[in-house]
Amino acid sequence: EPFRLVVTHLEPPVVPNSVMDLAVELGYFAREGVDVELVRVQQTPSAVAALQAGEGDMANIGVDALLQLTATDSADLVAVTSPNKSLPFLIAAKSDITDPAQLPGHSFGVGRLGSLDHSLSTKVLAAAGVDMETLDILALGQPPVRAQALAAGHVDATTMSIGVWLSLPDKTGLSVLVGQDAYYAAAPVVNKVNVVPRQVLDTRRADVEAVVRALVTLSRDFSNDPAAWAAAMAPYGGDLSPEQLQELATSFAGTWSVNGGMNADELRYTQDWIYATADFATTPKVTLDQWADFSIVDAVLAQLGVDETGDRPAR
Amino acid sequence: MRGTPCGTGTVPRALSLRGVDKTFATRDGQPLRVLSDITLDVGPGTFVALLGPSGCGKTTVLRLANGLIQPDAGSVEVFGAPARPGPDMGFVFQSFRLIPWATVRANVDFALRALPLADAERAERADRYIAMVGLSRFADSYPRELSGGMKQRVALARAFACEPRILLMDEPFASIDAQTRELMQIELMRLWMLQRSMVLFVTHSVDEAILLADRIVLMGPRPGRIMETLDVDLPRPRWTYDVRSDPRYRTLRAHLARRMFELVMNDPHSEFFGRDLTGHWTPDSPDG
Amino acid sequence: MRGTPCGTGTVPRALSLRGVDKTFATRDGQPLRVLSDITLDVGPGTFVALLGPSGCGKTTVLRLANGLIQPDAGSVEVFGAPARPGPDMGFVFQSFRLIPWATVRANVDFALRALPLADAERAERADRYIAMVGLSRFADSYPRELSGGMKQRVALARAFACEPRILLMDEPFASIDAQTRELMQIELMRLWMLQRSMVLFVTHSVDEAILLADRIVLMGPRPGRIMETLDVDLPRPRWTYDVRSDPRYRTLRAHLARRMFELVMNDPHSEFFGRDLTGHWTPDSPDG
Amino acid sequence: MILLLRTAFLVLLVGLWYLAAANVGRNVIATPLETLDAARRLAESGRLLSAVGDTLRVYLTGFALAALVAIPAGVLMGTVRILGKTLDIFVFALAATPRVAFIPLIIVLLGLGLEAKVFIVFLGAIMPILINTYAGVQAVDDELIEMARSVAASRARIFWRIILPSAVPFTVAGLRIGATIGLINTVVAELYTAVSGLGGLLALFGNTFRMAEYLVIVITLALIGVVVTEILRQAERRLEGWRGKG
Amino acid sequence: MILLLRTAFLVLLVGLWYLAAANVGRNVIATPLETLDAARRLAESGRLLSAVGDTLRVYLTGFALAALVAIPAGVLMGTVRILGKTLDIFVFALAATPRVAFIPLIIVLLGLGLEAKVFIVFLGAIMPILINTYAGVQAVDDELIEMARSVAASRARIFWRIILPSAVPFTVAGLRIGATIGLINTVVAELYTAVSGLGGLLALFGNTFRMAEYLVIVITLALIGVVVTEILRQAERRLEGWRGKG
Ligand SMILES: Nc1ncnc2c1ncn2[C@@H]1O[C@H](COP(=O)(O)OP(=O)(O)OP(=O)(O)O)[C@@H](O)[C@H]1O
Ligand SMILES: Nc1ncnc2c1ncn2[C@@H]1O[C@H](COP(=O)(O)OP(=O)(O)OP(=O)(O)O)[C@@H](O)[C@H]1O
Ligand SMILES: [Mg+2]
Ligand SMILES: [Mg+2]
């Protein structure tokens, strides 16, 4: 029986999260003795529903969704690893806005009021000394819609992932206002984790371990040899040239989850931060051990040893 | 025979209406009383003609007899049982009611399906009656490709083909030319004689009524009621001699024409009551 | 008068069909020749009756005359111009063709809209003609609430109300009882005399044709063609004396009945050609 | 009588809902009571009402525009046969293309506001009305048209008194379908352009797994659909009174 | 003749597309040539064909099921009036509720695979067919029904020979609308359950702004819609031949 891994992207994205797809393609899972089948869905809610329907064994979902589900006691899911702790976001704007300080009075696109990207952007802009309240906030929904709206001139700035930014074919009149590094520095939160239902953890523990082991191994290989990632991604880069992919791979240095991506401090910080957002104003409190399980990563690290180049496995 | 005879008489009645009332709801909420206290007993094998001014309720009587609508008061019985549509009753509708998406043959076939016939037998019968009304050449045509009279003949073929024990006919020859009408009358008499069926026949022609019927029922308007019932005591078959020169024929004809004239012109319920007739007009003038 | 008179004659023709052919496409691809070489000239104020067996093409001639369909060959002219529908032509359809979702009044009103009348005048005229056909009580009823004869009278009122110069009437009295029919005939003659309109009148009754027409056109079947044209030389108005005892009437009637008999029974194109008639039958027996 | 049966059926549905809620996980279906509670909360906060207002504005504008364009267009295509035969295949092609596919283009051309949303609703609602009206006009009785021509009725009169009334059952059915699709598209529009109204709330509660609130929105949408189709039924009853079917 | 006019209109459309592509940014519309190129690439890679296959399987199964259920249900509701009057309001309510709202429930009950997708298509396509058939049955000529009763035709014969043929124009229009909505819902299903087929490609190319490929998918969807509605037209031509309208 194959191990079904639910992912919310449709083909390998140009971020480290691609390890899940590439591990299938490059045979890493097979080498660990687990037959992984990728199930592709559009969004986190579909991924959650898939786990509950028994249509998947592990899913890559947003931490905010996991916290909601745990707090309302409506699903028994735990995070076991995070192949890509934070998707690299940036703030793009019209070219005539060259400094965040110019933003007040302009329109700014978010997914919806109170959504994770809204809260992240608030935090990033605050770090740049800009109060989000002084901006004209527009709720625009899906990331591609936000990018379209920016490109069409209907908003002046918005947050998007580096993948969306890179795939925009025509960027005339647009520029990056806050780069991905600055963005992450201002808002160092984990936004996606791989969860499994507790029942799967009990019944297929060996498979879960094998999956995590494969992801960690591949992350280490890419971390050591960025060119390997660029080569593996070549068919999926869209309009990106091999050079650009190579450049990107280099820029991901230090972000690969070489130790399973489970840092208790980061996760706790993330939890506290998410609880400070508007969406969670009335949500019951939870503790880290309710939604995260370190035993899998610990077992994997016991076998593979800890990689000292990054991704500190704090407990 | 269906059911057991009952009612007041001991003789079985083919059709029996007793004290039948019928009122239609109209759109402005005002109920329209259409039939009032209609009582009519017809024995099997009897040919009854129904005569009366336009709108007096003749069609409504036929629909009641077929069990298509129910009376508001009184009873309608066929061979002693409450009237209901069945293959032993045939109805030739005033407005033909052909199925537009069925060919002539399929229209006739549709009616035959209620009979316990084998496929081949049914097909043979449909073709035979289509030939009888002179439409063999048009058996595969659709109703919209037919002339008015041809449509009426399809309706005739459909009813005849069922060879029913009771035939309800609503002005069945109105759209057919005089000669074809005569042919159809002959075919009708043939069928009637052969099968001893009961016929309830609505017509606007006094001549046709006398020529065909054993009994003539004259209806008056608003609400429809039976004014008079007359037996036609002329020898049959009436085709073989010049029936019109028979003095009984002439008396009957004159009487009916005068009564019709009264019903249309002098009855205060008539739509033409008090109509001024410029030009001389005699009540017993021929009916065109 | 519309257009200028033209054609072969110097007298203006109200209606003129010359060498008209008409073929219908049928569903099985076989074309059906319906009219062949119809030539007919009618002067203004003339009353023409069209007589012929069922399905011989009478309705088709009327539709051609109204310009509702176009001939495949030949020409159809009205007052010298190609025929086309207009308020100066009225058509009483064989199948009534009432608008089901319009009341009796609205049905009549619909036809009057093409005339240059003020609203009040139009309403008055509609009501007047509805009264003429005896339906004042039903002016606000919908067609489905009417009997067959009542529907036909609405169709009559609609055509009469337009007071057209040419009236095309397709068996306009077929569904009406004898007395009401007579009343309608009188109204028709009144209108015709008053307005000197031309009437093309399809009927199945030889008597009706002789009673009303100046000229009788006899058509034969398959393809429809004109067999004979007869002038009716009886003094008018024919209501004021017993026209049926006139010897000219008797001769004409017998002739027409014999011709119709031949067309229906002896014409090899007839649907009833060679039909075996059991029972004695005389060609000049009355047409029921 | 009918009311009674309807109520009985409604009770049956709520019963089924209870059962479903009891047997399926809580983050998928809330119980009827939780939903009622959530409805009260949402109503009291005024959030529901303002969302309904936003949604109705978009929905009714788009739907009305669709009806105004689709009915004449359908009649035109049905009467001018050459036009109809040329265009109908493109209409069907357009109808079959997911509206979502046009959203990037719509955003560029109409922005993210009311116009864009109304246009998305319009695009969804127009097709059923157009396709049905077109079919209705083609099914009109030729004999009546011939009668109208014979009394020299103007094109406009034939249109208003013959063609349109005869197509009423088609057009009303088209409006019914259009109304339901228009409402669905309103939600789509509120999700894919600037997020707002009931669609926005649906996304919010769906993404945060607040299923009781989510169901409140779903039921509100269903109720809007019922109200609109009931209004259409009343209109139809008037127009179709002549059939005497009540 | 019609073919010529259609081609002319198509040329006009492509011209407009050129203009639009020239005037709107590259992020939104690719030029016809780029699209053609992308189509060739997609076709050669075999990706388009396999996606079309996936989509068609879901679409045709769901649509066929919808037709099989909706036509009898519509006839039943139209003939058994008490049933129709009780249920129709719920049908309209269900029709007006966005299918998207049911997706979590559908996933839990039917999973992410073929069954769930087919069911979503079924839900979308059933409503127009049902609503139109229901309307068509109510519009049937009472006089014909009376005639059929008078010749003692069985219920089944009245159904097959009177009611159904008389409702054909309604049902075919309903099938047309249902076909288009079914296709749209196929895309929705492919987006919201396990991503696959043309819907999956649409999302992929849309999210990554590969507009030439995106347009290829949009046009493929439109073509599927055209083919299905043309098949329906042929079916209708046979069934409605008696009208003699060609
Ligand atoms: N469905 C109906 N709703 C309301 N009134 C009706 C309905 N059917 C018939 N009527 C009325 O009932 C009366 C009798 O109608 P019916 O058709 O029985 O007359 P009829 O004697 O057959 O007339 P005709 O010789 O003209 O056919 C008429 O006044 C008519 O208006
Ligand atoms: N639309 C049509 N398509 C095909 N054939 C037709 C069409 N209309 C009439 N016909 C045929 O044309 C012939 C003449 O029809 P028409 O209606 O003119 O006859 P008619 O003389 O009026 O007959 P009736 O006295 O029975 O009304 C008939 O054989 C009929 O089948
Ligand atoms: Mg009658
Ligand atoms: Mg005729």
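The values are calculated or read from the model by the stated rules, or taken from the named source; none is laboratory data. Note that the coordinates shown come from a computational prediction; the quantities given were computed from them, not determined experimentally. A quick note on method: Cβ atoms are made from the backbone with ideal geometry, for glycine too, and the neighbour counts reach across all protein chains shown. Protein only, heavy atoms only, side chains kept; ligands, DNA and RNA dropped before computing areas. Shrake-Rupley method; radii C 1.70, N 1.55, O 1.52, S 1.80 Å.
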Single unsatisfied condition, residue B:53 versus (1) away from ligand 3 (no atom under 13 Å from the Cβ); (2) under 22 Å from residue C:147 (Cα atoms): (1)
Selection within segment C:174-195 - facing chain B (nearest Cβ under 10 Å), more than 16 Å from ligand 1 (Cβ to nearest atom) and more than 14 Å from the chain's Cα centre (by Cα): C:186, C:187, C:190
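For segment A:101-113, name all the residues that are open to solvent by 20 Å² or more (accessible area, probe 1.4 Å) and over 24 Å from the mean Cα position of the chain (by Cα).
A:101, A:102, A:104, A:105, A:106
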Candidates A:234, A:249, A:230, A:206, filtered to the one that is hydrophobic (A, V, I, L, M, F, W, C), more than 30 Å from residue A:156 (Cα to Cα) and open to solvent by less than 20 Å² (accessible area, probe 1.4 Å): A:230
Lone qualifier among A:168, A:150, A:135 - being over 15 Å from residue A:89 (Cβ atoms), open to solvent by less than 40 Å² (accessible area, probe 1.4 Å) and out of contact with any Lys or Arg (no Cβ under 6 Å at 6 or more places or on another chain): A:135
Count - residues of segment D:1-56 that are open to solvent by less than 60 Å² (accessible area, probe 1.4 Å), within 14 Å of chain A (Cβ to nearest Cβ) and outside any helix (DSSP H, G or I): 7
Selection from segment C:231-251 of residues that are open to solvent by less than 30 Å² (accessible area, probe 1.4 Å) and of a type in the set (A, V, I, L, M, F, W, C): C:232, C:234, C:243
Single condition residue B:89 does not satisfy, out of (1) more than 14 Å from chain C (Cβ to nearest Cβ); (2) within 15 Å of the chain's Cα centre (by Cα); (3) within 16 Å of ligand 1 (Cβ to nearest atom); (4) within 30 Å of residue E:154 (Cβ to Cβ): (3)
Subset of segment E:62-92 [open to solvent by 20 Å² or more (accessible area, probe 1.4 Å) and without any contact (Cβ under 8 Å) to a residue 12 or more places away in the chain]: E:64, E:68, E:72, E:76, E:80, E:81, E:82, E:83, E:85, E:87, E:89, E:90
Residue C:109, sole failed condition from (1) closer than 27 Å to residue B:204 by Cβ; (2) out of contact with any strand residue (DSSP E or B) (no Cβ under 8 Å at 6 or more places or on another chain): (1)
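I want to confirm something. Restricting to segment B:102-122 and keeping residues that are among the hydrophobic types (A, V, I, L, M, F, W, C) and open to solvent by 10 Å² or more (accessible area, probe 1.4 Å), which single residue is nearest to ligand 4 (Cβ to nearest atom)?
B:106
Residue-by-condition table, conditions (1) at pLDDT below 90; (2) within 13 Å of ligand 2 (Cβ to nearest atom); (3) of a type in the set (A, V, I, L, M, F, W, C):
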| position | (1), (2), (3) |
| --- | --- |
| B:118 | yes, no, yes |
| B:123 | no, no, yes |
| B:133 | yes, yes, yes |
| B:146 | no, yes, yes |
| B:157 | no, no, yes |
Selected residue (criterion: nearest to ligand 2 (Cβ to nearest atom)) from residues of segment B:10-48 that are of a type outside the set (D, E, K, R) and under 22 Å from residue B:265 (Cα atoms): B:34
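Residue check: is residue C:215 away from ligand 3 (no atom under 16 Å from the Cβ), within 10 Å of chain B (Cβ to nearest Cβ) and open to solvent by 20 Å² or more (accessible area, probe 1.4 Å)?
Working: away from ligand 3 (no atom under 16 Å from the Cβ): yes; within 10 Å of chain B (Cβ to nearest Cβ): no; open to solvent by 20 Å² or more (accessible area, probe 1.4 Å): yes.
Here the answer is no, as residue C:215 does not meet what is asked.
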Residues satisfying the stated conditions in segment C:59-80, i.e. touching a Gly at 6+ places or on another chain (Cβ under 9 Å) and either open to solvent by 40 Å² or more (accessible area, probe 1.4 Å) or more than 16 Å from ligand 4 (Cβ to nearest atom) (or both): C:59, C:67, C:71, C:73, C:74, C:75, C:76, C:77, C:78, C:79, C:80
Close pairs from segment C:171-190: first over 22 Å from residue B:220 (Cβ atoms), partner open to solvent by 10 Å² or more (accessible area, probe 1.4 Å) and within 11 Å of ligand 1 (Cβ to nearest atom), Cβ under 7 Å, at least 6 apart: C:174/B:174
Members of segment D:119-128 found to be facing chain E (nearest Cβ under 10 Å) and among the aliphatic types (A, V, I, L, M), listed by number: D:127
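Which residues, counting only those in segment E:205-246, are of a type in the set (Ser, Thr, Tyr), more than 9 Å from chain D (Cβ to nearest Cβ) and under 20 Å from the mean Cα position of the chain (by Cα)?
Residue satisfying the conditions is E:220 alone.
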Cβ-Cβ under 7 Å pairs, at least 6 apart or on other chains, segment E:133-159 side more than 8 Å from every other protein chain (Cβ to nearest Cβ) and in contact (Cβ under 8 Å) with a residue 40 or more places away in the chain, far side hydrophobic (A, V, I, L, M, F, W, C) and open to solvent by 20 Å² or more (accessible area, probe 1.4 Å): E:133/E:71
Residue, farthest from ligand 4 (Cβ to nearest atom), within segment B:129-173, restricted to residues that are open to solvent by 10 Å² or more (accessible area, probe 1.4 Å) and away from chain C (no Cβ under 14 Å): B:165
The one condition in (1) within 14 Å of another protein chain (Cβ to nearest Cβ); (2) at pLDDT 90 or above; (3) within 15 Å of ligand 1 (Cβ to nearest atom) that residue B:67 fails to fulfil: (3)
Number of the condition not met by residue C:62 [criteria: (1) in contact (Cβ under 8 Å) with a residue 24 or more places away in the chain; (2) assigned to a loop (DSSP other than H, G, I, E, B)]: (2)
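Conditions (1) under 19 Å from residue C:175 (Cβ atoms); (2) modelled with pLDDT of 85 or more, marked per residue:
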position: B:201; (1), (2): yes, yes
position: B:213; (1), (2): no, yes
position: B:225; (1), (2): no, yes
position: B:232; (1), (2): no, yes
position: B:239; (1), (2): no, no
position: B:251; (1), (2): no, yes
position: B:259; (1), (2): no, yes
position: B:278; (1), (2): no, no
Some residue of segment B:94-101 being open to solvent by less than 30 Å² (accessible area, probe 1.4 Å), touching a residue at least 24 places away in the same chain (Cβ under 8 Å) and within 16 Å of ligand 1 (Cβ to nearest atom): no
Residue check for residue B:209: among the small types (Gly, Ala, Ser), in a helix (DSSP H, G or I) and over 30 Å from residue C:137 (Cβ atoms): no
